[in-house]
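Visitor: One structure, as structure tokens, below. Some questions next.
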Amino acid sequence: MPRLLFFLLLIFLKAESGTPTSALQAVPAGTPQAQGDWLAHQVDDRETGRDGRVTFKMRLFDRQERVRERTLTVFSRKYPAGDKSLTRFTEPADIAGTGFLVWEHNGASEDERFLFLPSLGRVRRIAGSEAQESFVGSDFTYEDIGGRAFSDYTYTRIDDRAGAGDTYTLESRAKSPSARFPRVVSTIRKDHFIVIRAEIYNRRDELQKEFVASKVERVGKYWIVTAMVMTDTGQKTRTEMQVEKAEFDIGLGDEMFTRRELEKVIR
């Protein structure tokens with residue numbers, strides 16, 4: 001599965017093999033920065049399935065606790081040049097057919113993101129400067145859903161949380177001065193290198209958002225996060241996501257990840 005949420009969504013969409021990686025290797029000696037790079041690579045480079053299809057129920061809560069529900073399916077596939085994914089909303093009727101296509105590019109070129117809105121009947125390209133904006137009104141961002149380049153951040157292992165002997169603590173800082181959320185502090189499970197919590201800070205270095213993986217389960221031979229919540233403490237809103245169905249190594253074809261497929265409207 002692709003890096004759909006390197007520290008956040010990638011957490012639940014990116015499956016890993018059933019063998020605990022920490023049983024094979026421990027954090028190497030070195031500076032906090034060297035250890036941080038090593039930890040970040042463990043999260044990013046886990047053994048994964050060839051492709052997958054995961055259906056979610058999304059619940060959006062406003063500051064008055066009013067809730068809206070949406071259903072979406074994420075298709076993804078690994079490629080040597082960069083992973084690809086297609087997110088498709090199926091319910092309710094006013095958002096059905098909305099799609100989000102991501103082509104990751106390994107190397108110097110920028111990842112490509114395309115949003116299709118059936119009401120407008122056209123595809124809009126999401127620029128890199130919009131990557132940290134809200135994804136279709138949720139508390140997740142386009143970057144959360146579509147992934148981010150590993151080289152766009154620096155990583156430092158910081159003192160692990162007191163009493164958390166089964167986790168590591170990693171700080172990531174955006175290299176771009178224009179990043180809306182320039183710092184993230186992540187809590188990573190030692191057994192599977194899954195991020196189970198992430199504190200996301202704004203430009204004033206105030207805690208703006210918090211991601212929590214509330215349930216981690218094994219689906220076939222893979223471990224995934226099956227329930228999670230992203231809370232915006234400033235806006236007093238939150239978005240909950242629950243996996244309804246997950247399938248891996250199902251043989252998705254190249255045609256699934258094209259602009260033509262993106263523009264298909266679900267009736």
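Laboratory data are not the source of any read-out in this text; all were calculated from the coordinates shown. Note that this is a predicted model, so its numbers are computed, not measured. Glycine gets a Cβ as well: all are built from the backbone with ideal geometry, and neighbour counts include every protein chain shown.
Visitor: What's the extension gain from K78 to R204 if we count 0.36 nm per residue and subtract their Cα-Cα distance?
Guide: Stretched out fully, the K78 to R204 stretch lengthens by 41.7 nm.
Visitor: Let me ask something else. Once phi is turned into ³J(HN,Hα) by the Karplus curve 6.51 cos²θ - 1.76 cosθ + 1.60 with θ = phi - 60°, what whole-Hz value does each residue of region 88-105 show in order, with x for glycine and proline?
Guide: My calculation for region 88-105 gives 10, 8, 10, 8, x, 4, 6, 10, 4, x, 4, x, 9, 10, 10, 10, 7, 10 Hz in order.
Visitor: A further question on this structure: What nm distance separates the two modelled labels at Q242 and R66, each placed 7 Å from Cα along Cα→Cβ?
Guide: 2.2
Visitor: Turning to a different aspect of this structure: Can you give the local net charge around P92? Use residues other than it whose beta-carbon is closer than 11 angstrom to its beta-carbon, Lys and Arg +1, Asp and Glu -1.
Guide: -1
Visitor: Find out how many positive minus negative residues lie around N202, taking Lys and Arg as positive, Asp and Glu as negative, among other residues whose Cβ is under 14 Å from that of N202.
Guide: Its environment carries a net charge of -1.
Visitor: With Cβ to Cβ distances under 9 Å as the rule, what net charge do the other residues near G220 carry (K, R +1; D, E -1)?
Guide: 0
Visitor: Then there's this: Tell me, what is the FRET efficiency for A93 and S134 to the nearest 0.05, using R0 = 22 angstrom and their Cβ-Cβ distance as r?
Guide: 0.55
Visitor: Now, a different point. Rounded to whole Å, give me the distance from the Cα center of region 182-252 to that of region 73-123.
Guide: Here the answer is 20 Å between Cα centres.
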